[in-house]
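J.: First the structure, which I've put down as structure tokens, then a few questions once you've had a look.
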Amino acid sequence: MKCSIISASLRVCESMQGSRAQKHVFLYCEPIVLTAYLRFLRYLRHDSKRIFIDLKVLGMGATIIVGGFFGDEGKGKIVAHVAFADKPAIIARGGIGPNAGHTIEVGRRKFGVRMIPSGFVYPDARLLIGAGVLVDPRVLLSEAGLLKVTERVGVDYRCAIIETKHIETDKLDPYLSQTIGSTGTGCGPAAADRAKRTTAQAREVAELSPFLTDAAAEVNKALEAGKNVILEGSQGFGISLFYGTFPYVTSKDTTASQIAADIGVGPTRITETIVVFKTFPTRVGAGPFDTQMSEDDAKKLNIEEFGTVTGRQRRIGWWDPTMAKYSAMVNGATQVAITGLDKLDPSVKGANQYDELSAKVKTFLREAETVVGVPFTLLSTGPELTEIVDLREEKLERA
Ligand code: GTP
Ligand code: IMP
Ligand code: MG
């Protein structure tokens, strides 16, 4: 008999022989599960004749990381940190396509990626692109070569392909390029063609043949074996096709459920959903932005930003607790990561410990956490990979 670590809790058969001292526990499971059991014995929970191991505490399973505002919250930085901390076997990317631009700073090196998962900086993970993602082969091949990750990349054979005609339409169509303010990367038109079932699939593109895989099968197999997997989202809640400020949105949903579906992972296999917010939300392109501040205010605060893909100036806003709460709800957040604490108070730049944060930042965090109702576990204090306070162990254990 074999237990799978994928199930939300692991059932351990036990035989109770009278007193506690005589208790024998039999584990019917794979060696990796047994190792986990021994390591984390203290997290056992008894329930009559069964014992459960809380897999959340073990930190195993699939973690989804998504954007909670209008995109560009700093998911790239958070994914990279979580990757180094949790050592996933696979980092798989969901989301729309190369309209996303993730920035990762490691030491003095700064990378901007559009197709390769931003966790690529962690060298031991396989890097997969889920079936739901639109692939521009030119962008993918160029990034894989530049970053020297060709050996680690896999593209689901069912990904839909962005062609030159999609990019031209995206740039020339006045509705998309001007009214919506699209990124001009061909994503909207390719998504429309995919819905019409006229796009090519990755398996039909010769240049992609060395990368082709069944990403869903790879990820589920890794989960089955008790390995960690990160599922990386792109864009943000406010530009979701379903939940965002329609019609000023991108061409697909951007919530955690969509990211899981993009990669082919069922909802029962997700152990953590981390929603990323930034202290000062930003928005690029057209569309309502309730908490937008004036350009003058942004200049005074020295918090101006420019897009990774288009170079456009991002509109900057004040923290939006109402949106944060709603977004955490629809995403089913189990944790929140917050970036830009150094923008709120430059004195905390580079802090790694909660005690190093200022009273101003602590008050902000306390109030925001109370409103959102989800533990703020990852506190980013600068763009560089190591500029972060990671409270996951402490806060999740306590929860
Ligand atoms: P999309 O997938 O396109 O939505 O992007 P993203 O969420 O990966 O964010 P992106 O990299 O486009 O933008 C975030 C910007 O904030 C980048 O320039 C990061 O380097 C920067 N950043 C991330 N965390 C922090 C932080 O804690 N402080 C500061 N000052 N900048 C940060
Ligand atoms: P599209 O996704 O290129 O069609 O653009 C539609 C809208 O979504 C525009 O307002 C874009 O600026 C915005 N958008 C698309 N991708 C991103 C992203 O990764 N970050 C921020 N905004 C994005
Ligand atoms: Mg971005």
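We did not get these values from a lab; they are worked out from the coordinates using the rules stated. Because the structure is predicted, anything quoted here is derived from the model rather than measured. So basically every Cβ, Gly included, is an ideal-geometry build from the backbone, and we count neighbours across all protein chains shown.
J.: For Lys278, which lysines qualify as cross-link partners when the Cα separation must be under 21 Å and same-chain residues fewer than eight apart are set aside?
T.: Of all the lysines, those that pass the test against Lys278 - Cα under 21 Å, at least 8 places apart if same chain - are Lys75, Lys77, Lys110, Lys299, Lys300, Lys325, Lys343, Lys349, Lys360, Lys362, Lys395.
J.: Using per-residue counts of other Cβ atoms within 10 Å, averaged over each peptide, order 339-352, 109-122 from highest down. Intermediate results must be reported in sequence, preceding the final value.
T.: Numbers: 339-352: 18.6, 109-122: 22.1.
Ranking, from highest mean packing down: 109-122, 339-352.
J.: Another question, then. Can you give me the distance in nm between label points at Phe242 and Glu393, each placed 7 Å from the Cα along the Cα-to-Cβ direction?
T.: Using points 7 Å along Cα→Cβ, the separation is 3.7 nm.
J.: Could you list the GluC sites (Glu not before Pro) in the range 250-342 that lie in coil according to DSSP, counting only those with at most 14 other Cβ atoms within 10 Å of their Cβ?
T.: On the way: sites: Glu272, Glu295, Glu304, Glu305; in loops: Glu304, Glu305.
Those satisfying the criteria are Glu304.
J.: Once the piece of chain linking Lys325 and Thr213 is laid out straight, how much longer is it, given 0.36 nm per residue of separation minus the C-alpha distance between them? Don't skip to the end; give the middle numbers.
T.: Values: separation 112, 0.36 × 112 = 40.32 nm, distance 3.73 nm.
Contour length minus Cα-Cα distance gives 36.6 nm.
J.: Let me ask something else about it. Can you work out the Karplus-derived ³J(HN,Hα) for every residue in the range 217-222? Use 6.51 cos²θ - 1.76 cosθ + 1.60 with θ = phi - 60°, whole Hz, and x for glycine or proline.
T.: Each residue of the range 217-222 in turn: 5, 4, 5, 5, 5, 5 Hz.
J.: Ok, one more. Of all DSSP beta bridges in the range 70-229, what percent run antiparallel (nearest 5)?
T.: Values: 6 of 18 bridges.
If we restrict to bridges inside the range 70-229, about 35 percent are antiparallel.
J.: How much length is gained if the chain between Tyr354 and Tyr175 is pulled fully straight, taking 0.36 nm per residue apart and subtracting their Cα-Cα distance, in nm to one decimal? Spell out each step's value before the answer.
T.: On the way: separation 179, 0.36 × 179 = 64.44 nm, distance 4.67 nm.
59.8 nm is the gain from fully extending Tyr354 to Tyr175.
J.: If you don't mind, another one. Whole-Hz ³J(HN,Hα) for each residue in the range 197-210, computed from phi via Karplus 6.51 cos²θ - 1.76 cosθ + 1.60 with θ = phi - 60°, x for glycine and proline: what do you get?
T.: Couplings: 6, 10, 6, 7, 9, 4, 5, 8, 9, 4, 5, 8, 4, x Hz.
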